[in-house]
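Chemist: Please find one structure pasted underneath; my questions will follow.
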Amino acid sequence: MKKIAYLLLTISFCGLTACKTGTKKGGNMDNETLVKIETTLGDIKVKLYNETPKHRDNFIKLAEEGVYEGTLFHRVIKDFMIQAGDPDSKNAPKGKMLGAGDVGYTLPAEFVYPKYFHKKGALSAARQGDNVNPKKESSGCQFYIVTGKVYNDSTLLGMESQMNENKINVIFNTLAQKHMKEIYKMRKENDENGLYELQEKLFAQAQEEAAKQPEFHFTPEQVEAYTTVGGTPHLDGEYTVFGEVVEGMDIVDKIQQVKTDRSDRPEEDVKIVKVEVLD
């Protein structure tokens with residue numbers, strides 16, 4: 001599981017720059033935008049959520065500019081997700097490592113959780129890892145569609161327990177990020193006592209903050225989805241979900257079945273022919 005998550009977290013992108021987003025066709029904010037992703041294996045139709053306007057408008061902008069035309073589904077992991085949107089994948093030779101391409105900007109996270117989560121068919125944005133991206137900003141172009149797997153109730157209960165146990169570690173790491181200059185200085189000076197004292201201080205703060213937070217539990221909607229159609233629950237609240245597949249899930253499943261190399265790139269290219277905004 002750690003290895004799989006790492007594949008999404010370690011894509012290299014440039015720093016944040018100004019991003020001029022597109023506008024929703026027709027200007028109607030009540031209806032959700034439908035987009036057709038035409039691939040060499042068939043068409044996938046997705047709807048974009050209005051509650052994630054920056055991601056919605058950016059996806060429309062890139063589609064209308066033809067940025068996705070000729071790009072590949074460059075990372076495919078069965079029972080997990082299919083990933084695309086790397087501009088460097090256009091005309092990429094066989095065997096070339098992909099996933100580091102970008103459009104020169106990132107997008108601020110737009111979590112609408114737990115309403116939108118990583119059920120099968122969810123359309124989500126890839127991003128850099130927390131160590132260099134603590135705000136969980138999204139790639140300006142790379143996205144993935146969840147395939148995932150079906151979980152039983154006992155497995156979900158176990159995941160809930162694990163997430164609650166890991167809460168202190170997550171808070172501790174967040175606090176530590178704020179003291180990195182101090183930590184690096186003490187490491188350079190071999191100040192083991194100083195490091196130990198800071199560690200104890202931050203751990204105590206993490207325990208105190210964790211105690212104030214309610215225990216994590218999946219919502220009834222998440223339980224229903226994860227025990228029937230499936231998904232990837234460990235990504236919830238970590239990546240922006242900005243849409244979902246409404247037609248062509250059979251094509252998504254077909255793509256996830258293709259044979260891949262060691263870097264999870266399909267041995268035979270699966271290409272995006274065109275991304276068309278329908279309404």
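Chemist: Using amide H atoms built in the peptide plane, which far-off residues or other-chain residues are under 5 Å from Gln128 H to H?
Modeler: Correct list: Ser139.
Chemist: How large is the accessible surface of Val229 in square angstrom, using a 1.4 angstrom probe and rounding to the nearest 10?
Modeler: 80
Chemist: What residues have an amide H closer than 5 Å to that of Thr39, excluding those fewer than 5 places away on the same chain, when H is modeled at 1.01 Å from N in the peptide plane?
Modeler: Close amide H contacts, sequence-distant or interchain: Ile44, Val273.
Chemist: While we're on this one: Between Glu51 and Glu208, 0.36 nm times their residue separation minus their Cα-Cα distance comes to what? Don't jump to the answer; show the numbers that get you there.
Modeler: Details: separation 157, 0.36 × 157 = 56.52 nm, distance 3.28 nm.
Length gained, Glu51 through Glu208: 53.2 nm.
Chemist: Also, I was wondering about something else. Over the range 230-272, average the accessible area per residue using a 1.4 Å probe and give it in Å², no decimals.
Modeler: 42
Chemist: Sort Phe242, Phe203 from largest to smallest accessible area, using a 1.4 Å probe on the heavy atoms of the protein chains. Display every interim value, and only then the final one.
Modeler: On the way: Phe242 10, Phe203 80 Å².
Accessible-area ranking of Phe242, Phe203, largest first: Phe203, Phe242.
Chemist: Return the single residue from Pro220, Pro233, Pro87 with maximal mean-square fluctuation; model: Gaussian network over the chain, springs between Cα atoms under 10 Å.
Modeler: Most flexible of the set in this elastic network: Pro220.
Chemist: Pick from Glu208, Glu160, Glu189 the residue whose mean-square fluctuation is largest in a GNM of the chain, springs joining Cα atoms under 10 Å.
Modeler: Of the options given, Glu189 has the highest mean-square fluctuation.
Chemist: State which entries of Lys45/Lys78; Lys61/Lys149; Lys45/Lys96 exceed 26 angstrom in Cα-Cα distance in the structure shown.
Modeler: Long pairs (Cα-Cα over 26 Å): Lys61/Lys149; Lys45/Lys96.
Chemist: Return one whole number: the accessible area per residue of the range 151-210 in Å², for a 1.4 Å probe.
Modeler: On the way: 4390 Å² over 60 residues.
I get 73 Å² per residue for this part.
Chemist: Running a GNM on the chain with Cα contacts under 10 Å, which residue among Lys115, Lys78, Lys36 ends up with the highest mean-square fluctuation?
Modeler: Among Lys115, Lys78, Lys36, the largest GNM mean-square fluctuation belongs to Lys115.
Chemist: Expected output is a single nm value to one decimal: the length gained when fully extending between Asn91 and Asn152, i.e. 0.36 nm times separation in residues minus the C-alpha distance. What is it? List each step's numbers first, then the result.
Modeler: Numbers: separation 61, 0.36 × 61 = 21.96 nm, distance 4.18 nm.
Extra length available between Asn91 and Asn152 comes to 17.8 nm.
Chemist: What are the ³J(HN,Hα) values, in whole Hz, obtained from phi via the Karplus relation 6.51 cos²θ - 1.76 cosθ + 1.60 with θ = phi - 60°, for each residue of the range 219-232 in sequence order, with x given for Gly and Pro?
Modeler: Result, ordered by residue: 6, x, 5, 5, 4, 4, 5, 5, 9, 10, 7, x, x, 10 Hz.
Chemist: Could you state how much accessible area Val170 has, in square angstrom rounded to the nearest 10, with a 1.4 Å probe and all protein chains kept in place?
Modeler: 90
Chemist: Using +1 at the Cβ of each Lys and Arg and -1 at the Cβ of each Asp and Glu in the range 97-201, identify which of Tyr151, Gln199, Gly101 lies farthest towards the dipole's positive end.
Modeler: Looking along the dipole axis, the top candidate is Gly101.
Chemist: Probe radius 1.4 Å, ligands and nucleic acids left out: which of Leu157, Leu62 has the largest accessible area, and how do the rest follow? Don't jump to the answer; show the numbers that get you there.
Modeler: Numbers: Leu157 105, Leu62 0 Å².
Ranked from most to least accessible, the order is Leu157, Leu62.
Chemist: If you don't mind, there's one more thing I want to ask. Leaving out same-chain residues fewer than 8 places away, which lysines sit with a Cα under 21 Å from that of Lys178?
Modeler: Those lysines meeting the cut-off are Lys135, Lys136, Lys167, Lys188, Lys201, Lys212.
Chemist: Obtain the nm distance between the two label points defined at His234 and Lys188 by a simple spin-label model: each point lies 7 Å from its Cα along the Cα-to-C-beta direction.
Modeler: The answer from the label model is 3.6 nm.
Chemist: Percent of accessible area on the chain owned by carbon and sulfur, 1.4 Å probe?
Modeler: Working: 7290 of 14480 Å².
Of all accessible area on the chain, carbon and sulfur atoms account for 50 percent.
Chemist: Can you sort His118, His179 by solvent-accessible area, 1.4 Å probe, largest first?
Modeler: His179, His118
Chemist: Can you give the FRET efficiency for Leu278 and Ala100, using 1/(1 + (r/R0)^6), R0 = 41 Å, r = Cβ-Cβ distance, to the nearest 0.05? All intermediate terms of the calculation are to be shown ahead of the outcome.
Modeler: On the way: r = 31 Å, r/R0 = 0.75.
The pair Leu278/Ala100 has a calculated efficiency of 0.85.
Chemist: Additional query: Just to be sure I understand the model, the point goes 7 Å from the Cα along the line to the Cβ. What's the resulting Lys259 to Ala176 distance in nm?
Modeler: 4.3
The values are calculated or read from the model by the stated rules, or taken from the named source; none is laboratory data. These numbers were taken from a predicted model, which means no experiment stands behind them. Note that we place each Cβ from the backbone using ideal geometry, even for glycine, and neighbour counts take in every protein chain shown. When the accessible area is computed, the model is the full protein with side chains, heavy atoms only, and any ligands, DNA or RNA have been set aside. Shrake-Rupley method; radii C 1.70, N 1.55, O 1.52, S 1.80 Å.
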